[in-house]
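So the structure is just underneath, and the comments pick up after that.
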Amino acid sequence: MALNYWQLKSLQLPPTHQTVRPEDCMVYALGVGAGLRSQSDLGDETRFVYEERLQALPSQASVMAYPGFWMREPAYGLDWRRIVNAELRLTLHGPLPTQGELVGHTVVSAIHDKGADRGAIVQTERRICNTAGHMLAQVTQLNFCRGDGGYSAGDSALSDALPPAINKPPAYTPQHQLVLATGHQQAAIYRLTGDRNPLHIDPEAARAAGYSGPILHGAATAGMVCRVLASLPEARRAPYLHAFQIRFTGVLFPGDVLHVDLWSLPDGRISFRCTTHRDGGSHDVAYGCAQWAD
């Protein structure tokens, strides 16, 4: 069964209700490595894993009021075993709550055919609101469906435009370089936040997707970058992180070491690049940018 453009574009998932508890914030923080010893000191991260003075990492918006891995349903005709996260874009309208009732509204906003044997992109957008209807965050995710290219058969009406590309980091030397360890159990913990794609836990599912073993969630890498951002002086001066965009260019395996390079741009944004060293070489993992609220 092939990807059905019109069926997906008309999809409106039922609203997702979530009661956020402090424990949810702490599990999320553990799933992105907070509390683990790092080769580079990010400072005191107790505020992310301890109920006293608890703060939610901005990237937790990616799993708040999350509808789950709905792309696995056979009715959508997607080769779900080969789906990976290509991009994640977050817009926050204030600090995220550590407890309370949330509602998520998810739609498929764009579908792009890269061509036969090149895959397709399915873009979803989720609005996260409190029960009073106040929007807390918007989450845009680009899913790379590696096994679903060519569905449009050349019909341009069945392939949507995607958002402007995320800018790559500058070519000059970064101002900051930090190194973070990942735990061998990290993907297993991160799954407890709601992202249950077997690719991140089942060795057979990972091999079927072309990987040597389960890979760490891309959104978990995003959370590690947010930990780095939270350690910067800008985080202490700004009321909250307003925008965060990340493009995934490679994979991170549990147990890998993540290297994060940072640039402070003239317009106030922070640009970053993530790499890891494996099998005797350096591998790109992700890049993106973030901006603090005024």
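The values are calculated or read from the model by the stated rules, or taken from the named source; none is laboratory data. Note that the coordinates shown come from a computational prediction; the quantities given were computed from them, not determined experimentally. Cβ: placed from backbone, ideal geometry, glycine included. Neighbour counts: every protein chain shown. Note: areas computed on protein heavy atoms with side chains; ligands, DNA, RNA excluded. Shrake-Rupley method; radii C 1.70, N 1.55, O 1.52, S 1.80 Å.
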Segment 173-182, residues that are open to solvent by 60 Å² or more (accessible area, probe 1.4 Å) and in contact (Cβ under 8 Å) with a residue 12 or more places away in the chain: Gln175, His176, Gln177
If I ask for residues that are open to solvent by 40 Å² or more (accessible area, probe 1.4 Å) and not in a helix (DSSP H, G or I), which ones from segment 70-108 would you list? Glu73, Asp79, Thr91, His93, Pro95, Gln99, Glu101, His105, Val107
Residue count for segment 109-151, restricted to those that are open to solvent by less than 10 Å² (accessible area, probe 1.4 Å) and small (Gly, Ala, Ser): 4
Being under 20 Å from the mean Cα position of the chain (by Cα), among the aliphatic types (A, V, I, L, M) and modelled with pLDDT of 95 or more is the requirement here; does Leu88 meet it? yes
When segment 152-161 is examined, which residues are found to be among the aliphatic types (A, V, I, L, M) and either surrounded by 15 or more Cβ atoms within 10 Å (Cβ to Cβ) or in a strand (DSSP E or B) (or both)? Leu158
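Quick grid of which residues meet (1) in contact (Cβ under 8 Å) with a residue 40 or more places away in the chain; (2) touching a Lys or Arg at 6+ places or on another chain (Cβ under 6 Å); (3) at positive phi:
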{"residue": "His184", "(1), (2), (3)": "yes, no, no"}
{"residue": "Asp195", "(1), (2), (3)": "yes, no, no"}
{"residue": "Leu199", "(1), (2), (3)": "yes, no, no"}
{"residue": "Ala209", "(1), (2), (3)": "yes, yes, no"}
{"residue": "Ala238", "(1), (2), (3)": "yes, no, no"}
{"residue": "Val251", "(1), (2), (3)": "yes, no, no"}
{"residue": "Ser271", "(1), (2), (3)": "yes, no, no"}
{"residue": "Arg278", "(1), (2), (3)": "no, no, no"}
{"residue": "His283", "(1), (2), (3)": "no, no, no"}
Do you know which of the residues in segment 2-29 that are modelled with pLDDT under 95 and of a type in the set (A, V, I, L, M, F, W, C) is nearest to the chain's Cα centre (by Cα)? Leu13
Mind checking which pairs have a first residue in segment 94-116 that is at positive phi and at pLDDT below 95 and a second that is open to solvent by 30 Å² or more (accessible area, probe 1.4 Å) and among the small types (Gly, Ala, Ser), Cβ under 8 Å, 6 or more apart or different chains? Gly115/Gly150
Inspect segment 11-22 for any residue being among the hydrophobic types (A, V, I, L, M, F, W, C), touching a residue at least 24 places away in the same chain (Cβ under 8 Å), surrounded by fewer than 16 Cβ atoms within 10 Å (Cβ to Cβ) and touching a His at 6+ places or on another chain (Cβ under 9 Å) and give the result as yes or no. yes
Can you tell me which residue within segment 23-54, out of those that are open to solvent by 30 Å² or more (accessible area, probe 1.4 Å), polar (S, T, N, Q) and part of a loop (DSSP other than H, G, I, E, B), is farthest from Leu102 (Cα to Cα)? Gln39
